[in-house]
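Reviewing the structure listed below.
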Amino acid sequence: MIYKIKIGWFIFLGIITIGSVFLIDPYEQSGLEMLENESWLISKPKKGVALVDGDGLYLSSSDAGKGTSIRQTVKSRGGFFQVRLSADIRSRDVVPGEKSWNKARLLLVQYDGKSARYNVPHMVAGLEGTHDWEHYRGEFHIQPWATEFKVVAQLSRCTGSMEMKNIRLFPVVLSPVYIWAKRIIIGSWGMFFTFLLGSCMVKGRYGVQGIMVISFAAILFGTMIPEELKTAVYGWVMDQIQVLQMLSGDEGEWIIGKAGHFCFFAVFGLGMLMSGKSLASVGANILMLAVGTELVQFFIEGRTPLVTDFFIDFSGGMAGLVLGCILAGIRRVGIRRV
C-alpha cells in the first residue's frame, strides 16, 4: 500500500511541476522598456557587416579572427533588481571559433565601473549552424555593484550571419501566481521526500538509519540551495581541498558537485539495501529521488534540471546498490566457510 502511495504521489507531483513550468510565467513586467532604437553602437571588421533597422539587427562576418558586434549601454538604477532580455533570432551558416563561446550570441553583460564581469550569468542565446526564427529570453539579476550593463549582439570570432528582431529589455518582478505555485510545489516535494525517506527506515538499525539521513540531507541540500549560494559553498570547498588546486572556476565546481551527488546517492542506495529493502524497491526509490530532485529545481532560483545530472545521481544510487549486493555476497560466503 505504501509503495502504491509513493508511486501515485510521485506521478502527480511530476505532472503538476512540469505543467506549472509551461503554464506559469515566473515574471511580470514592472517598468518601462529600457532600450532605445537610436542608441545602438556598431563594431565590425572590414570583412563584417552590422546593420540596425528599427528594432532589428543584422550581423555577418567572413573573418573568424575578429568579432562583429552591435551593443547598447544601459545605466544601472542602483541596488538589486531583475530584468528580462528577449528577442527573436535566426542564424545562417555560423561556424564556431576556437573557444566554446565563439558563436552567434545575445548577451547582457554587467560592468563594475572598471571592466566587464563575465562571472555572473550573461548569455541569452549562443548559436552555431543554421536556425530558423525562434524566441529567446533570459532573466538576469542586476547586481548592486553594477554601474551599467550592455546588451550585446555579436558574432564572437566566428563566421556566418545572425538576425534579430523584437528586441526588448525591461525590469521584472516575480509574479504572485508563480510565488504561490513555487511555495506549494517545493513544499509538496519536501513532504514527498520526507515520506520517501521514512518509508525506507527499518526499526533497530540506527547506524544504517543515521547514514541514510545524512546522505539524504546532503542530497537535498545540494539540490535546493540557490545557484549563488551553491557557487559560494563549492568555492569554499575548493579552497579547503589542496588536491584540487589545479582546478578553478566552473571546472572545479562541476567536479565537486557531480562527484558529491554521485557519492551521496551511492551511500543512500547502500543504506536502503542494508535496511532490508528488496532490489526492486531500492531501485524505484532511487529513481524517484533522482527524478524528483531534478524536477524541483525548476522552482529553485538560478538552478536548472539537467538530464546529465539525473543520470549521475541514478548511477550513483545503482553503484551503491551493486556494492551492497557484492558485500552481501561476500558475507554469505564467509558465513558458509565458517
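Please treat every number below as a calculation from the coordinates, not as lab data. Owing to the predicted nature of the structure, the values given are computational and were not obtained by experimental measurement. All Cβ positions, glycine included, derive from the backbone under ideal geometry; neighbour counts span all protein chains shown.
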Under the 7 Å Cα-to-Cβ spin-label approximation, L306 and V21 lie apart by a distance in nanometres of 1.5 nm
Assertion target for I167, I185, I2, ordered by fewest C-beta neighbours within 10 angstrom first, is I2, I185, I167
Using a cut-off of 10 Å between beta-carbons, work out the net charge of the residues near W133 (Lys and Arg +1, Asp and Glu -1, W133 not included). -2
Label-point separation, K75 to C325 (7 Å along Cα→Cβ), nm: 6.7 nm
As an exercise, use a Förster radius of 45 Å and the Cβ-Cβ distance of R183 and S278 to find the FRET efficiency, rounded to the nearest 0.05. 0.80
Euclidean distance of C-alpha centroids, the range 1-61 and the range 81-156, integer Å: 12 Å
Taking amide H atoms as placed 1.01 Å from N in the peptide plane, list the residues 5 or more away in sequence, or in a different chain, whose amide H sits under 5 Å from that of G129. V94, V95
Take the Cβ-Cβ distance between S43 and Q82 as r, set R0 to 25 Å, and report the resulting FRET efficiency rounded to the nearest 0.05. 0.35
Over 21 Å between C-alpha atoms is what I'm after, so list which of K6/K277; K46/K66; K75/K103 land there. K75/K103
If you rank E301, E33 by fewest surrounding Cβ atoms within 10 Å, what's the result? E33, E301
Tell me the net charge near S20. Cut-off is 12 Å between Cβ atoms, S20 excluded, with +1 for each Lys or Arg and -1 for each Asp or Glu. +1
For the range 64-189, size of Cβ-based charge dipole, Lys and Arg +1, Asp and Glu -1, in debye: 340 debye
Given 0.36 nm per residue, what is the gain on full extension from E36 to A217 after removing their alpha carbon distance, in nm? 60.3 nm
